[in-house]
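Worksheet for the structure shown next.
The values are calculated or read from the model by the stated rules, or taken from the named source; none is laboratory data. Just so it is clear, the structure is predicted and the values come from calculations on it, not from any experiment. Positions of Cβ are backbone-derived with ideal geometry, glycine not excepted, and every protein chain shown enters the neighbour counts. Protein only, heavy atoms only, side chains kept; ligands, DNA and RNA dropped before computing areas. Shrake-Rupley method; radii C 1.70, N 1.55, O 1.52, S 1.80 Å.
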Amino acid sequence: MAASSRAQVLDLYRVMLRESGKFTSYNYRTYAIRRIREAFRENKNVKDSAQIQILVNKAKRNLEIIQRQDPKFSHFC
């Protein structure tokens, strides 16, 4: 993995964890953090740059979903 690609992935990982930590519901928060950690761990050995880009794009879409959630109302779902 190129250095810039690695930095991009690590930055995305940190942002996803930070945004997930904003959920007011303990269950949503811990589930989201656990899933993010598991997904990044599962794919830590991927070397193919095309596959990495696909995974980064998927993570960005998931980040957008996380950011769209209103933390004040996450406990009502």
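For the range 27-45, a residue qualifies if it is free of Cβ contacts under 8 Å to residues at least 24 places away in the same chain and either open to solvent by 90 Å² or more (accessible area, probe 1.4 Å) or closer than 20 Å to A3 by Cα (or both), and the qualifying residues are N27, Y31, R34, R35, R37, R41, E42, N43, K44, N45. Taking first residues from the range 3-26 that are assigned to a helix (DSSP H, G or I) and partners that are open to solvent by 70 Å² or more (accessible area, probe 1.4 Å), the Cβ contacts under 8 Å between residues at least 6 apart in sequence or on separate chains come to S5/S49; V9/M1; L12/K60; L17/R37; E19/Q67.
The set of residues in the range 1-26 being at pLDDT 95 or above, closer than 16 Å to Q69 by Cα and open to solvent by 80 Å² or more (accessible area, probe 1.4 Å) consists of R18 alone. Among residues of the range 49-73 that are within 17 Å of A3 (Cα to Cα), those with a Cβ under 6 angstrom from a residue that is at pLDDT 90 or above and not in a helix (DSSP H, G or I), sequence gap 6+ or separate chain, pair up as I52/V46; L55/N43. For the range 27-52, filtering for residues that are in a helix (DSSP H, G or I) and among the acidic types (D, E) leaves 2.
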